[in-house]
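Notes follow the structure.
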């Protein structure tokens with residue numbers, strides 16, 4: 001005879017077991033501390049954030065150093081994993097990494113999928129022009145053609161900020177540079193690190209370029225974790241604050257983007273919420 005009460009009890013026990021084993025409800029930080037290591041994902045081929053050293057084949061970069069510093073502050077061993085740009089969030093969702101320091105700029109759409117730590121980096125999107133063009137400010141680009149790579153955030157931002165310019169999209173940023181050199185466009189827009197490399201290379205040519213000082217946008221970058229992991233996020237935030245207070249964050253910045261790098265940038269950002277809240 002079918003026992004309704006017994007079946008209900010079994011169902012209740014089964015449901016409880018499922019929820020108890022659910023990674024969403026589990027305390028991720030407790031699991032990480034229990035195994036003594038934290039797995040951090042970074043980009044696998046994006047200099048200077050995360051890439052393989054051509055000599056040692058080891059992963060190096062700004063984000064790799066950030067992962068190491070966070071793990072050390074948390075008293076944990078770091079397990080590093082290089083991932084493609086497209087796989088950053090999927091790897092997190094599938095539980096293959098515990099956190100991602102992958103140059104993940106804050107976007108409201110991303111914030112619906114993952115939670116952000118305090119920012120540990122800012123990145124400017126800027127415009128590169130020919131040195132002899134007479135263009136000094138973003139306003140000088142009015143009525144002129146500006147190029148960005150197709151599908152990039154730089155292109156989307158340019159269309160909103162440079163409303164008086166004719167924003168064109170080419171397949172990739174290298175094509176934009178060729179367009180700039182051949183006067184098909186008056187400027188090209190992308191992340192400032194990429195543009196600095198083009199600017200540096202152009203100094204050896206007959207048509208040197210220069211970066212406009214005013215950015216079209218400033219991206220706020222934080223470490224991301226899965227939603228529903230407040231303890232882990234808070235622990236990462238505490239680690240980032242300590243790294244900043246000790247001066248290590250500035251040392252890492254100077255190594256990869258500042259005075260000890262080819263970029264020669266000066267750190268101006270603070271460790272604060274990526275969405276501008278306090």
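Within the set of pairs 6 or more residues apart or between chains, which connect a residue that is over 13 Å from residue 128 (Cβ atoms) inside the range 203-218 to a residue that is surrounded by 14 or more Cβ atoms within 10 Å (Cβ to Cβ) with Cβ atoms less than 6 Å apart?
217/125; 217/157; 218/122; 218/124
Test residue 148 against the stated conditions and say whether it is buried (at least 20 other Cβ atoms within 10 Å of the Cβ), in the same structural domain as residue 201 (by TED's automatic domain parsing) and within 19 Å of residue 193 (Cα to Cα).
yes
So which residues in the range 91-110 are surrounded by fewer than 19 Cβ atoms within 10 Å (Cβ to Cβ) and within 13 Å of the chain's Cα centre (by Cα), if there are any at all? First the steps, then the outcome.
Pass one, the range 91-110, residues surrounded by fewer than 19 Cβ atoms within 10 Å (Cβ to Cβ): 91, 93-96, 106-110.
Residues satisfying the conditions are 106, 107, 110.
For residue 235, work out the one condition from (1) free of Cβ contacts under 8 Å to residues at least 40 places away in the same chain; (2) touching a helix residue (DSSP H, G or I) at 6+ places or on another chain (Cβ under 6 Å); (3) under 19 Å from residue 72 (Cα atoms) it doesn't fulfil.
(1)
Just one of the numbered conditions (1) outside any strand (DSSP E or B); (2) in contact (Cβ under 8 Å) with a residue 24 or more places away in the chain; (3) over 22 Å from residue 171 (Cβ atoms) is not true of residue 80; which one?
Single failed check for residue 80: (1).
For the range 183-201, what are the residues that are modelled with pLDDT of 95 or more and more than 20 Å from residue 266 (Cα to Cα)?
183, 184, 185, 186, 187, 188, 189
Can you confirm whether the range 186-202 contains a residue that is out of contact with any strand residue (DSSP E or B) (no Cβ under 7 Å at 6 or more places or on another chain), part of a loop (DSSP other than H, G, I, E, B), free of Cβ contacts under 8 Å to residues at least 40 places away in the same chain and surrounded by fewer than 15 Cβ atoms within 10 Å (Cβ to Cβ)?
No; the residues of the range 186-202 include none that is out of contact with any strand residue (DSSP E or B) (no Cβ under 7 Å at 6 or more places or on another chain), part of a loop (DSSP other than H, G, I, E, B), free of Cβ contacts under 8 Å to residues at least 40 places away in the same chain and surrounded by fewer than 15 Cβ atoms within 10 Å (Cβ to Cβ).
Return yes or no: is residue 119 in contact (Cβ under 8 Å) with a residue 12 or more places away in the chain, touching a strand residue (DSSP E or B) at 6+ places or on another chain (Cβ under 8 Å) and either surrounded by 17 or more Cβ atoms within 10 Å (Cβ to Cβ) or over 30 Å from residue 176 (Cα atoms) (or both)? Step through it out loud before you land on a result.
Numbers: in contact (Cβ under 8 Å) with a residue 12 or more places away in the chain: yes; touching a strand residue (DSSP E or B) at 6+ places or on another chain (Cβ under 8 Å): yes; either surrounded by 17 or more Cβ atoms within 10 Å (Cβ to Cβ) or over 30 Å from residue 176 (Cα atoms) (or both): yes.
Judged against the criteria, residue 119 is a match.
If you take the residues in the range 99-110 that are outside any loop (DSSP other than H, G, I, E, B) and at pLDDT 95 or above, which one is nearest to residue 173 (Cα to Cα)? Break it down into steps so the answer makes sense when it comes.
Taking the range 99-110 as the starting set, the residues that turn out to be outside any loop (DSSP other than H, G, I, E, B) are 99-100, 105, 108-110.
With at pLDDT 95 or above added as a condition, the list becomes 99-100.
Working: 99: 29, 100: 26 Å.
Among those that are outside any loop (DSSP other than H, G, I, E, B) and at pLDDT 95 or above, it is 100.
Please go through the range 126-144 and pick out each residue that is more than 25 Å from residue 204 (Cβ to Cβ) and touching a helix residue (DSSP H, G or I) at 6+ places or on another chain (Cβ under 9 Å).
In the first step, residues of the range 126-144 are kept if they are more than 25 Å from residue 204 (Cβ to Cβ); the result is 137-144.
Passing the criteria: only 138.
Quick one: in the range 137-176, which of the residues that are in a loop (DSSP other than H, G, I, E, B) and closer than 18 Å to residue 191 by Cα is nearest to the chain's Cα centre (by Cα)? Let's see the steps before the verdict.
To start, the set of residues in the range 137-176 that are in a loop (DSSP other than H, G, I, E, B) comprises 137, 142-144, 150-152, 162-165, 171-172.
Right, trim to closer than 18 Å to residue 191 by Cα and you get 137, 150-152, 162, 171-172.
Details: 137: 27, 150: 19, 151: 17, 152: 14, 162: 24, 171: 22, 172: 19 Å.
Once the filter is applied, the top-ranked residue is 152.
Quick check: anything in the range 233-256 farther than 17 Å from residue 68 by Cβ, buried (at least 18 other Cβ atoms within 10 Å of the Cβ), over 18 Å from the mean Cα position of the chain (by Cα) and at pLDDT 95 or above?
no
Go through the range 1-55 and count every residue that is over 25 Å from the mean Cα position of the chain (by Cα) and either assigned to a helix (DSSP H, G or I) or modelled with pLDDT of 95 or more (or both).
The total comes to 24.
Run residue 221 past the list (1) within 16 Å of the chain's Cα centre (by Cα); (2) surrounded by fewer than 18 Cβ atoms within 10 Å (Cβ to Cβ) and report the number of the one that doesn't hold.
With respect to (1) within 16 Å of the chain's Cα centre (by Cα); (2) surrounded by fewer than 18 Cβ atoms within 10 Å (Cβ to Cβ), residue 221 is out only on (2).
Residue 156 fails exactly one of the following numbered conditions: (1) more than 24 Å from residue 61 (Cα to Cα); (2) at pLDDT 95 or above. What is the number of that condition?
Going through (1) more than 24 Å from residue 61 (Cα to Cα); (2) at pLDDT 95 or above one by one, residue 156 breaks only (2).
Select, from 132, 124, the only residue that is in contact with a strand residue (DSSP E or B) (Cβ under 7 Å, 6 or more places away or on another chain) and either assigned to a loop (DSSP other than H, G, I, E, B) or within 30 Å of residue 214 (Cβ to Cβ) (or both). Can you show your working first?
Numbers: 132 fails: in contact with a strand residue (DSSP E or B) (Cβ under 7 Å, 6 or more places away or on another chain).
Result: 124 is the single residue among 132, 124 that is in contact with a strand residue (DSSP E or B) (Cβ under 7 Å, 6 or more places away or on another chain) and either assigned to a loop (DSSP other than H, G, I, E, B) or within 30 Å of residue 214 (Cβ to Cβ) (or both).
The values are calculated or read from the model by the stated rules, or taken from the named source; none is laboratory data. Please read these numbers as outputs of a predicted model, since none were measured by experiment. Because the Cβ atoms are built from the backbone with ideal geometry, glycine has one as well, and the counts that use them run over all protein chains shown.
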